[in-house]
Amino acid sequence: MKNLIIGIIVLLVLWLLILPLFNINSSYLIPNVIEWATKFILPWIVLYWIIRLIKNLEKI
């Protein structure tokens, strides 16, 4: 888990350094990516964990 967090931080820093080279405004892009993730990705993650919880409760 620690390596995953470090990897994400390194990729984020590299991404923020590379975006200006292509004239992409990261202050506009990052909030939109966060908004997109909360709308489309996080509900699927929550659903996955709810299904796992129900399956574990059924085993008891």
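The values are calculated or read from the model by the stated rules, or taken from the named source; none is laboratory data. Quantities reported herein were computed from a predicted structural model and do not represent experimental measurements. Using ideal geometry, Cβ is built from the backbone for each residue, glycine included, and neighbour counts are taken over all protein chains shown. We work out accessible area using only protein heavy atoms, side chains counted, and drop any ligands, DNA or RNA first. Shrake-Rupley method; radii C 1.70, N 1.55, O 1.52, S 1.80 Å.
Once you list every other residue whose beta carbon is under 13 Å from the beta carbon of V46, what net charge do they have if Lys and Arg are +1 and Asp and Glu are -1? Mind showing how you got there, number by number?
Values: positive: K39, R52; negative: none.
Local charge sum for V46: +2.
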- Which value at 222 nm does the chain reach when only helices count, each DSSP H run of 4 or more adding -39,500 (n - 2.57), with the total divided by all residues and rounded to the nearest 500 deg cm²/dmol? -25000 deg cm²/dmol
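So which DSSP H runs in the chain come out at 20 Å plus along the axis (Cα) with average Kyte-Doolittle of at least 1.0? Numbers along the way, then the final one.
Numbers: long enough: 2-18 (24 Å, 2.65); 42-59 (26 Å, 0.74).
Helices meeting the criterion: 2-18.
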- Query: With labels modelled as points extended 7 Å from the Cα through the Cβ direction, what inter-label distance (nm, one decimal) is found for T38 paired with L17?
  - Reply: 3.0
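Tell me, what is the per residue accessible area of the chain in Å², probe radius 1.4 Å?
Values: 5730 Å² over 60 residues.
Here the residues of the chain average 95 Å² of exposed surface.
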- Query: How far apart, in nm, are two points set 7 Å out from the Cα along the Cα-to-Cβ line at N56 and at L4?
  - Reply: 1.5
